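Bear in mind these aren't lab numbers, they're just calculated from the coordinates by the rules spelled out. What you see is a predicted model, and the numbers here were worked out from it, not measured in a lab. For neighbour counting, all protein chains shown are included, and Cβ atoms are generated from backbone atoms with ideal geometry for every residue, glycine included.
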Amino acid sequence: MKIVLKNGRILDPSQDLDMVGDVSIVNDQIAEVGRVSSPEDADETYDCTGMWITPGLVDLHVHLREPGFSHKESIITGTQAAAAGGFTTICCMPNTSPPLDDPALIDFILDRSASPEAGGIFVAPIGALTKGMKGERPSDLASLRRAGIVAASDDAFPIQDAQVMLRCMELCRQLDLPVATHCEDLSLAGGGSMNEGSVSAVLGLKGMPRTAEEIQVARNCMLSLETLCPLHILHVSTWGSVEIIKQAKYLGAPVTCEVCPHHFSLIDEDMIPFDTNYKMNPPLRTKVDQDLILQAIEEGTIDCIATDHAPHAAHEKDRTFDEAPFGIVGLETAVGVTLTHLTHKGVLSPLETIRRLSTRPAEIFRLDAGTLKPGRTPVAQVTVIDPAIEWTFDVNKTFSKGKNSPYHGATFRGKPMLTFSGGEVYCDALWPQRIAMMA
Ligand SMILES: [Zn+2]
């Protein structure tokens, strides 16, 4: 089986490649990049004129909700949403029920995601950093690592005790396992539901101060410097966090970080008051935060973009703002938001955009992904993006079970059109020009 992607703009940050040309996939492996010999032998040809041909996108921060909460999302619906969003590799967070602190649960995730309905999308599990995600003692991280976790995290339940965090990082350093942290001091932010500031004051909602995030960013960065444990800071949202991470990198700490599309495209003033589709943790911050985050994306202090895809059922979000759970879905809007707010505004070049959505996240968790080099991924993982198409997001037409998005009705420029992964092809309904040629 030979598939040829013809005449696209090939963007592969892993080899600093930005050229117009063709890519061939033969028996589910990338065969040729740039020029394809005997394209007439192809079983299928896709005319990619005007489109980008990129390595499959990689998301380090996804909540798949299974086991335990499959009414919110399942591994199958989550991988379908990933394919529609252009992602071929997603890392799933351990705050399931039970939490992913047992190798048998890692086996379950890997088995389930290898089933045919998962559409060839790779799921890389993140193990619970502490037993039961209770923040008290480390999980059996060595066994979890053998079972296949790519990182460890207590995302959603930030470890409050610095001594516990230090022990976890010492262990992960020995295992050469990256630690990913949601940074929040609960003695400051607990009980809050949005950013603490003028908007929370007007709405009369309890705020979450920026310092609650920054204190833990600083603590974890210094523990990373002390232990040399690779640390990945999840969803950076304040200008102070950015400055601390910049300083930690300067000092030589092995620290990386991500930003979510909502934090560079929305601020607290954009919220529709009391609409729980704007409730996430960390919360939407201010214009000052957003400006510095955009600058940090441009200069590279912020390494990558991750969605924090956090689906919830409608009845769960349909509560008062204080009571509703945190989180929004993100897999199917990430490319649209990123191209509209970063690429088309000149914050990132097309090649840098793909670096932050694919190559760099793959490097951070050492995943076999994020490249078009033949033989460097287990199977071909390729995404085709139309950077110019304008489309309106309709949350009711998504694959995710979660319909909790602040972007319903928003218009974006740029959309993934084709996703090739594990021998499967996802083709967007808007794909205009598929030419299936007979061999
Ligand atoms: Zn999360």
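List of remarks:
- Helix 162-175 axis, angle to the chain major axis (alpha carbon atoms, nearest 10°): 30 degrees
- Placing unit charges on the Cβ atoms only, positive for Lys and Arg and negative for Asp and Glu, gives the chain a dipole magnitude near 180 debye about its Cα centre.
- Helix axis angle, 239-251 relative to the chain longest principal axis, alpha carbon, degrees: 80 degrees
- Taken over region 33-117, the alpha-carbon convex hull comes to 140 cubic angstrom per residue.
- Using only side-chain charges placed at the Cβ, +1 for Lys and Arg and -1 for Asp and Glu, the dipole size of region 1-153 relative to its Cα centre rounds to 680 debye.
- Relative packing of peptides 154-164, 329-339, 172-182 - highest average C-beta neighbours within 10 Å first: 329-339, 172-182, 154-164
- Highest-first arrangement of 90-96, 32-38, 115-121, 224-230, where packing means the average Cβ count within 10 Å: 90-96, 224-230, 115-121, 32-38
- For I385, I272, the sequence from fewest to most other C-beta atoms within 10 Å is I272, I385.
- Beta bridges by DSSP in the chain, antiparallel share as percent, to the nearest 5: 50 percent
- For the chain, the residue among F87, T238, N27 whose Cα projects farthest onto the positive side of the dipole built from Cβ charges is T238.
- All C-alpha to C-alpha distances of region 55-364, sorted into 20 Å bins beginning at zero, yield P(r) values of 35, 62, 3 percent in whole numbers.
- Highest to lowest packing among 315-322, 420-427, scored as the average C-beta count within 10 Å: 420-427, 315-322
- Paramagnetic reach from A142 in region 160-187 [backbone N under 16 Å; point 7 Å along Cα→Cβ]: 168-177
- Taking amide H as placed 1.01 Å from N in the peptide plane, A31 has its amide H under 5 Å from the amide H of S24, I25, V26, each at least 5 places away in sequence or on another chain.
- Think of it as helices only: each DSSP H run of n ≥ 4 in the chain is worth -39500 (n - 2.57), and spread over all residues that comes to -7500 deg cm²/dmol at 222 nm.
- Contour minus Cα-Cα distance for S37 and A429 (0.36 nm per residue): 138.1 nm
- Rounded to whole Hz, the Karplus (6.51, -1.76, 1.60) HN-Hα couplings of region 77-89, x for glycine and proline: 5, x, 6, 5, 4, 4, 4, 5, x, x, 8, 10, 9
- Among the trypsin sites (Lys or Arg not before Pro) in region 208-299, none sits in a DSSP loop with a Cβ that has at most 10 other Cβ atoms within 10 Å.
- Under the Karplus curve 6.51 cos²θ - 1.76 cosθ + 1.60, θ = phi - 60°, whole-Hz ³J(HN,Hα) for region 306-314, x wherever Gly or Pro sits: 9, 8, 6, 3, 10, x, 9, 6, 4
- Projecting the Cα atoms of G120, I293, G190 onto the charge dipole of region 55-364 (Cβ charges, centred on the Cα centre) puts G120 farthest toward the positive pole.
- Residue exposure sequence - T411, T45, T286 - by fewest surrounding Cβ within 10 Å: T411, T286, T45
- Given their separation in residues at 0.36 nm each and the Cα-Cα distance between them, Q247 and T411 gain 55.3 nm when the chain is fully extended.
- Euclidean distance of C-alpha centroids, region 108-176 and region 16-86, integer Å: 26 Å
- Backbone amide hydrogens, once placed in the peptide plane, bring M208 within less than 5 Å of S193, M194, N195, E196, excluding anything fewer than 5 places away on its chain.
- Per-residue Cβ neighbour counts within 10 Å put S198, S153, S139 in the sequence S198, S139, S153, beginning with the fewest.
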